[in-house]
């Protein structure tokens with residue numbers, strides 16, 4: 001069967017123009033695995049710091065539940081149609097890769113990651129302490145359940161603070177990539193003009 005290879009997809013035969021779509025069932029599993037790895041590595045400094053200060057089961061359970069919440073939220077966001085529309089915009093995908101890659105690298109470089117997590121952790125403890133005072137008589141009667149929920153809230157607040165810092169960093173990365181792209185385009189235009197101006 002002969003056909004024009006340069007024709008539009010609408011004019012091609014049906015069997016030739018068929019696109020292979022990704023498996024929609026495996027996409028959530030891939031997203032879940034990806035964010036489990038990212039959140040697990042990113043939360044490692046805070047987790048080890050928290051375990052060093054409080055090794056009770058309730059504290060550890062509260063931290064794990066907080067990390068799981070972020071994993072599930074990130075997975076749910078990635079599986080939405082709006083996410084795939086936004087991530088395909090110019091420089092956004094690269095910005096996300098650089099942002100979370102930097103976050104993982106900082107977590108691996110333990111002193112830097114520990115310093116950032118300690119600062120945000122102290123702010124989180126102060127914020128949650130004002131909202132959820134664990135030294136009150138009512139909460140002291142609840143025992144480990146109250147302390148576990150307090151650690152859970154602290155983990156959520158710290159995660160939000162870290163994401164705000166990461167978002168500000170990615171805004172700077174996106175702006176830098178946009179500026180470099182415009183400079184590259186101008187240099188390319190000047191080079192094209194100089195070539196066409198030659199006799």
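The values are calculated or read from the model by the stated rules, or taken from the named source; none is laboratory data. On a predicted model such as this, the values are computed, not experimentally measured, just so you know. When we count neighbours, we look across all protein chains shown, and the Cβ atoms used for this are built from the backbone with ideal geometry, even at glycine.
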Just for the range 61-88: of the residues that are exposed (fewer than 15 other Cβ atoms within 10 Å of the Cβ) and under 25 Å from residue 175 (Cβ atoms), which one is modelled with the highest pLDDT? 77
Can you pull out the residues in the range 50-72 that are under 22 Å from residue 125 (Cβ atoms) and either under 12 Å from the mean Cα position of the chain (by Cα) or not in a helix (DSSP H, G or I) (or both)? 54, 55, 56, 70
What single numbered condition from (1) in contact with a helix residue (DSSP H, G or I) (Cβ under 6 Å, 6 or more places away or on another chain); (2) surrounded by fewer than 17 Cβ atoms within 10 Å (Cβ to Cβ); (3) at pLDDT below 90; (4) within 27 Å of residue 150 (Cβ to Cβ) fails to hold for residue 91? (4)
The conditions are (1) within 18 Å of residue 124 (Cα to Cα); (2) exposed (fewer than 14 other Cβ atoms within 10 Å of the Cβ), and residue 47 fails exactly one of them. Which is it? (2)
Can you tell me how many residues in the range 160-175 are touching a residue at least 24 places away in the same chain (Cβ under 8 Å) and either touching a strand residue (DSSP E or B) at 6+ places or on another chain (Cβ under 6 Å) or farther than 21 Å from residue 73 by Cα (or both)? 2
Any chance you could count how many residues in the range 68-89 are touching a residue at least 60 places away in the same chain (Cβ under 8 Å) and under 14 Å from residue 34 (Cα atoms)? 1
